[in-house]
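Each remark here refers to the structure printed beneath this line.
The values are calculated or read from the model by the stated rules, or taken from the named source; none is laboratory data. Remember, predicted model here, so these are calculated numbers, not experimental data. Cβ placement follows ideal geometry from the backbone for every residue including glycine, while neighbour counts extend to all protein chains displayed.
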Amino acid sequence: MTTLLRGGRVIDPSQKIDDVMDVLIEGNRIAATGRNLVEDAKGRKKDPGLTVIDVRGKLVVPGLIDIHTHLREPGYEYKETVESGCEAAVAGGFTSIACMPNTNPVNDNRSVTEFILRQAQKAGLATVYPIAAVSRGSEGKALTEFGDLKEAGAAGFSDDGRPVMHAGLMKRALEYAHSLDLPVVAHCEDWQLSKGGLMNEGLVSTELGMPGIPTISEDIMVMRDILIAEYVGTSVHICHVSSAGAVRILRQARERGVRVTAETAPQYLLLTDEALKGFDTSCKVNPPLRSAEDVAAVRAGLRDGTIEVIASDHAPHSAIEKEVEFEYAASGMVGLETSLGLSWKLVEEGVLTPSELIARMTVNAARVLRIPKGTLKKGADADVTVIDPKKTWTVDVRAFRSKSRNSPFNGWKLPVKAVLTIVGGEIKYSEL
């Protein structure tokens, strides 16, 4: 099968391309990018197997990559399944997603990793990269079998949702993962400081009378994991950065040459702890929504490259976990279907250029995971996302492909929409 995406604005940061041109897909590979490809040699213009899709006025970018999602299967299928999560992914423009191990049972052995991959293959939508647990049961006591998990298909290691409190265990994890050329994805939270907290510690928590989670609970663990990585000479990836202190620590570490990468999520770029004044449990996340000063610092870190990836931290929960008193509500919000539109607000506000934003959702994410994605180079996997830059839409959680509806962005008007998602040369989602 041959497909030509004709006349779109191609933005491919991996090749420093931002120009109006065509993209030719042959089978499951990118065959070429350039002008007037349909008129080129080999008689493609007369090829009866050629499908031409007019994307003039649209943006054509490498398939979006989300390196931080929760698909909940196995064990919590009432919240999400691999299939429903992948449906949400392609509807949001994502062709590749990495899923965290906090399933039931925890993804700490090859049987769970292989199960997730089988479910993804059965769904036949986005490519799924399972992140396996650092420790058995994510209990922070003993390392999992890293080599066996890699052989099964694990793309990295994390106890996300549960920090690795034992510094010696983290040191060994970084060493073993480095020997396998896989990333360790660190959830940075000091439980001794965050224990019992419900929201960011500050003026708003005082006004609401709710116990707070101080920013230093994040900052201290970011510093610890960076120092360990620096000492052993390995890399480390920091999850969902939310505090000004963490950004400052990351920036200083990068200036020293430490091999540290980091991500943030749209909620930490657009919302502050003021959003909790209505006690909306969909705004309860971990790390918590921070102050306006923290948001400004995270934005600055994203702009200058200190933080090089935007991930959704897609965390589906059912009404059972969310429609309860704030104290008892689960932390997390869904994000796969809103991540692109929310992140594009940074382009509208001049924080990032379109190319800079796309880089943070494609090639940069691919580099963190060490996967051959995030590019439209000739011979690359034919993963492509087409974005309509003029298609405004209003978030309606009732229309989500995800099984869960826990989003504080219901009713928000978003500026752009993914209208075509191609994975491996096959159309998986289309509004054209």
Problem - Tally of residues being part of a helix (DSSP H, G or I) and either assigned by TED's automatic domain parsing to the domain that holds THR421 or among the β-branched types (Val, Ile, Thr) (or both) across region 103-141 - result: 3
Exercise for the section: Could you tell me whether any residue of region 383-392 is outside any loop (DSSP other than H, G, I, E, B) and without any contact (Cβ under 8 Å) to a residue 40 or more places away in the chain? Expected result: no
Handout entry: In region 58-96, the residues that are touching a Leu at 6+ places or on another chain (Cβ under 9 Å) and either of a type in the set (A, V, I, L, M) or at pLDDT below 95 (or both)
Key = VAL60, VAL61, LEU64, ILE65, ILE67, VAL82, ALA88, ALA89, VAL90, ALA91
Problem - Pair list, Cβ < 6 Å and 6+ apart or interchain, from region 68-92 residues that are in the same structural domain as ILE387 (by TED's automatic domain parsing) to residues that are surrounded by fewer than 24 Cβ atoms within 10 Å (Cβ to Cβ) - result: none
Handout entry: Some residue of region 334-341 being in a loop (DSSP other than H, G, I, E, B), closer than 16 Å to GLY63 by Cα, in contact with a Ser or Thr (Cβ under 7 Å, 6 or more places away or on another chain) and hydrophobic (A, V, I, L, M, F, W, C)
Key = yes
Handout entry: Which numbered condition ASP160 fails, given (1) surrounded by 21 or more Cβ atoms within 10 Å (Cβ to Cβ); (2) modelled with pLDDT of 95 or more; (3) part of a loop (DSSP other than H, G, I, E, B); (4) not basic (Lys, Arg)
Key = (2)
Handout entry: Given (1) closer than 20 Å to GLU293 by Cα; (2) buried (at least 18 other Cβ atoms within 10 Å of the Cβ); (3) touching a helix residue (DSSP H, G or I) at 6+ places or on another chain (Cβ under 9 Å), index of the condition CYS239 fails
Key = (3)
Practice task
Taking GLU293 as the residue in question, decide whether it is assigned to a helix (DSSP H, G or I), surrounded by fewer than 16 Cβ atoms within 10 Å (Cβ to Cβ) and touching a helix residue (DSSP H, G or I) at 6+ places or on another chain (Cβ under 8 Å).
Solution key: yes
Completion exercise
SER14 meets each of (1) in the same structural domain as MET361 (by TED's automatic domain parsing); (2) crowded, with 18+ Cβ neighbours inside 10 Å; (3) small (Gly, Ala, Ser) with one exception, condition (1)
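Being under 16 Å from the mean Cα position of the chain (by Cα) and assigned by TED's automatic domain parsing to the domain that holds MET100: is that true of LEU271 here? Can you show your working first?
Details: under 16 Å from the mean Cα position of the chain (by Cα): no; assigned by TED's automatic domain parsing to the domain that holds MET100: yes.
Taking the combined requirement at face value, the residue does not satisfy it.
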Problem - Candidates SER14, SER96, filtered to the one that is in a strand (DSSP E or B), closer than 15 Å to ASP383 by Cα and in contact with a Lys or Arg (Cβ under 7 Å, 6 or more places away or on another chain) - result: SER96
